[in-house]
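Presented below is the structure to which this report refers.
A short reminder: the numbers here are calculations on the coordinates, not readings from a lab. Remember, predicted model here, so these are calculated numbers, not experimental data. Glycine gets a Cβ as well: all are built from the backbone with ideal geometry, and neighbour counts include every protein chain shown.
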């Protein structure tokens, strides 16, 4: 079969789930109702750190309308701990509450009001303990220990290398080195170094976490959950209840945003336990303040030292990063390990020494958030790059270009060679922002670049079914959370099978129906799940061709698929006709299977990234010297995506990434005082509004079809966010002469720094 | 308490608690799930519906306040199978991602266009200050509202 131009892939098709979303028909977890369903509410610790000496739920339990009230003492019939990296997180606090808002007891009742009232009947005695809220408090001498025992290892074999350090608050350490940084830095002509801080921020998915759990008459468990990885949730619940995986079904309706907040189990264990105890379905829907108590981005303190030769050649990078992972590990240790591995960014660095610690504190657990630890490191490295350019009297764009890893170059031994062209992204970003043109005196411009690995090894499977009417079902477990994966998967299947997009239905993830997919995160769905769908569709295509080749006695190479038909030199058979040939009647279906499982490799982290995510950001900013308010007037993002399967949706992803990045750059920070979160509501925690977005925002793509994904695609969606902070700060430094090391760049912080400069 | 109101053009005669919120009555009593609960504090706009043509946060609006009034939810935007120009524009512009803010965005925009049929970009930005979206970066939403205004003219 000869290559033909792409008809569906590469086109800006409107999203396949758009109609139900603009008509209000799309169903999210909290829109679902089951007969007899109870509503749950959670009693949470008011203390950052406290011994829980007594929890008495007896009065709540007997209140009319209450089906069950639980404390950890009641969970004798299940494993009471969960967590992906370590099983250190109790379903309900056991003896100690380690952060404000930790679930201590829970109630399921006939309605939410009754459940809320019943919480007031629960008696809890706390003995407050000294707490460690900041990295300094957690790492200082005599620091209060967040955990005193050794946690159980997690459920996931690929995380088995993670280790806590008993007797400290260090929950995991990562070290990586190559070459000899001491000698290299001693011989460098310029060494720039500083410590940069990145604040704790929350995802603020507009839909807070929600679960509906129901046990059936056979003792099997079904959950409708707002999760980005139903298969990881299934493993956690199987372990918790001692059930075979096949007896647990996790169904994922539409998600109201994820951004990493809905990776791995969050409220699912508690909802399942309540449903079991209540003997009826239970809905547990978090409020926005409860989401702030469930997960956040890991704050970080990053000390980076970079050495250059006089000619601008980068010779060495040392980086020591401490990440605040909060009270429970969640996936924090992997965030730290995986991000730190790429702390050198998209640059050729012969001598490298990287040390990172994941540190427990008495705050909301830190987990995955778009960028997975990389934004924290890029904030430091990309800021220092501009500091160095200044000291070397070099153009920041040129200095980056000089040191970029080239296409095909090794990043680390055993890992995937660089699969994109950073210089092309940088060139386009610089051109679009008008880098070489003189700008207005009251504007500053800055650039920054990023590189990020995707999770490896990982597994995605897909099934494609061709029905007797020629329509197609795609079964895959990539979760649609707004990023457009359903549309992209449909486009891939439609392209391979030569059917219109409207003939393809992508089934909602359901572990009883749709096959294994490791996770919807790490920008991996298009590349990995999409590739599995492509292979599965190709399997169906081969079956179609085989049936026709055998029936007509022609060679397979003389057959082609075209507009829902197999075309032979002298005949054209619709898929419906081919299926009749195959089955002798109008019945049966062709089923294709795709498995993408690259497996373990000799790469430093045990698997080779399936693609490198690469992007460049360029910002033009202004500042109001009177108020310190920074305004991003223009922003250009260029991401190297291999191929844009759907340019419209991809553009939407990257625009959203830029504006989300502006959140932690200019506005967002979870503020604690005396162990209490001060701003865990949307009244007090400001995320970007429409009028905060740059008036001119352009997201462009480099497409060289050089990715390992379908049609040469790579992953995208995180890359646009990562350069935002350093690009804005670099622009601000060029405008004002002031270098910022702490985020967010609030008016107060900027105003104070401008005043200090003036003195 | 007894309230009589029109919801999406249909008369409703309901018995509601005096403290019942319009959002709960719409979602749980009338099974109109398009308006979403999120911040509960009139900040995010996910619960926005129109009462007599004006945008309100149904999460903090008492159902009894809607007595004798006309309520429009996202389910009432389309005319049968024929989409409102705003819905069409949101689809075509890629202004929808996760969809959780979409119904509130659409109704807020509808209130704007009722007030001002030829809004500028700044008018739209100002009107959308009470509607948060964490997915899109807003540009495509603003574009969609401007396109819909043009289509409707």
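Please work out the Kirkwood hydrodynamic radius for the stretch A:302-426, using every pair of different C-alpha atoms, and report it in angstroms with one decimal place.
One decimal place: 15.5 Å for the Kirkwood radius.
Among A:503, A:593, A:541, which comes first, then next, by fewest other beta-carbon atoms within 10 Å?
Ordered from fewest to most neighbouring Cβ atoms within 10 Å, A:503, A:593, A:541 come out as A:593, A:503, A:541.
With N denoting the number of residues in the stretch B:2-76, provide Rg(C-alpha) divided by 2.2 N^0.38 Å, to two decimal places.
Rounded to two decimals, the normalised Rg is 0.96.
Evaluate the stretch A:594-679: find the radius of gyration of its Cα atoms, find its Kirkwood radius, and give the ratio Rg to Rh.
Rg/Rh for the stretch A:594-679 comes to 1.13.
Just need the relative contact order of the stretch A:471-512 here, percent rounded to a whole number, with Cα pairs under 8 Å and 6+ apart.
56 percent
With 10 Å bins from zero, work out the P(r) of the stretch A:109-183 over every alpha carbon pair and list the percent per bin.
Calculated P(r), rounded to whole percents: 14, 24, 23, 26, 9, 3, 2.
Based on alpha-carbon centroids, what's the gap between the stretch A:227-242 and the stretch A:434-501 in Å, whole number please?
Centre-to-centre distance over Cα atoms comes out at 26 Å.
Percent of alpha carbon pairs in the stretch A:362-492 separated by more than 24 Å?
So the pairs more than 24 Å apart make up 55 percent of the total in the stretch A:362-492.
Could you tell me how many cubic angstrom of Cα convex hull volume the stretch A:33-140 has per residue?
130 Å³
Once every DSSP H run of n ≥ 4 in the protein assembly as shown is given -39500 (n - 2.57) and the sum is divided by its residues, what mean residue ellipticity at 222 nm do you get, rounded to the nearest 500 deg cm²/dmol?
Calculated at 222 nm, the ellipticity per residue is -7500 deg cm²/dmol.
Label-point separation (nm) for residue A:25 and residue B:30, each offset 7 Å from Cα along Cα-to-Cβ?
Distance between label points: 1.9 nm.
Given a 10 angstrom Cα cut-off, can you work out which residue in B:37, B:110, B:88 is the most mobile in a GNM of chain B?
Of B:37, B:110, B:88, the Gaussian network model singles out B:88 as fluctuating most.
Using only the alpha carbons of the stretch A:154-231, determine the length spanned along each of the three principal axes and report them from longest to shortest in whole angstroms.
That works out to 72, 31, 26 Å along the principal axes.
Describe numerically, in nm with one decimal, the distance between label points set 7 Å from Cα along Cα→Cβ at residue A:111 and at residue A:77.
Between residue A:111 and residue A:77, the simple spin-label model gives 2.9 nm.
What's the whole-number percent of alpha carbon pairs in the stretch A:598-638 lying beyond 13 angstrom?
70 percent
Starting from 0 in steps of 5 Å, tell me what percent of the Cα-Cα pairs of the stretch A:352-428 lands in each bin.
Going from the shortest bin to the longest, the percentages are 3, 11, 14, 19, 22, 14, 8, 6, 3.
What FRET efficiency comes out for the pair residue A:691/residue A:436, r = Cβ-Cβ distance, R0 = 45 Å, nearest 0.05?
0.90
Once the Cα atoms of the stretch A:193-253 are picked out, what are the Rg and Dmax in Å?
Here Rg and the maximum Cα pair distance are 17.0, 63 Å.
Jot down the per residue volume, in cubic angstrom and as a whole number, of the convex hull over the alpha-carbon atoms of the stretch A:458-596.
Roughly 94 Å³ of hull volume per residue.
Please work out the Cα center distance from the stretch A:509-527 to the stretch A:606-664, rounded to the nearest Å.
25 Å
How large is the Kirkwood hydrodynamic radius of the stretch A:254-309, in angstrom, based on all distinct alpha carbon pairs?
That comes to 14.7 Å for the stretch A:254-309.
Among A:77, A:612, A:751, which comes first, second and so on when ranked by fewest other beta-carbon atoms within 10 Å?
A:77, A:751, A:612
For chain B, what is the per residue volume of the convex hull drawn over the alpha-carbon atoms, in cubic angstrom?
Dividing the Cα hull volume of chain B by its residue count gives 101 Å³.
At a Förster radius of 60 Å, what calculated FRET efficiency corresponds to the Cβ-Cβ distance of residue A:150 and residue A:586, to the nearest 0.05?
In this case the efficiency is close to 0.45.
What is the average number of partner chain Cβ atoms found within 10 Å of a Cβ in A:680-693?
Counting other chains' Cβ atoms within 10 Å and averaging over A:680-693 gives 6.
Evaluate E = 1/(1 + (r/R0)^6) for residue B:81 and residue B:10, where r is the Cβ-Cβ distance and R0 equals 22 Å; express this FRET efficiency to the nearest 0.05.
Step by step, r from the Cβ atoms, then E = 0.80.
In whole angstrom, and with the biggest value first, how far do the Cα coordinates of the stretch A:645-688 range along each principal axis?
Largest to smallest, the principal-axis extents are 49, 16, 15 Å.
Rg (Å, one decimal) plus Dmax (Å, integer) for the alpha carbons of chain A?
Both quantities, over Cα of chain A: 26.7, 89 Å.
Once you have the Cα-Cα distance between residue A:673 and residue A:627, take 0.36 nm times their residue separation minus that, and quote the gain in nm to one decimal.
In short, 14.0 nm is gained.
Among B:3, A:331, rank each residue by its count of other Cβ atoms within 10 Å, from fewest to most, as a rough exposure measure.
B:3, A:331
Take every Cα pair under 8 Å in the stretch B:2-76 that's 6+ residues apart, average their separations, divide by the length, and report that relative contact order as a whole percent.
41 percent
Please list, short to long, the whole-number percent of alpha-carbon pairs of the stretch B:85-152 in consecutive 5 angstrom bins beginning at zero.
P(r) for the stretch B:85-152, in whole percents per bin: 4, 21, 35, 28, 11, 2.
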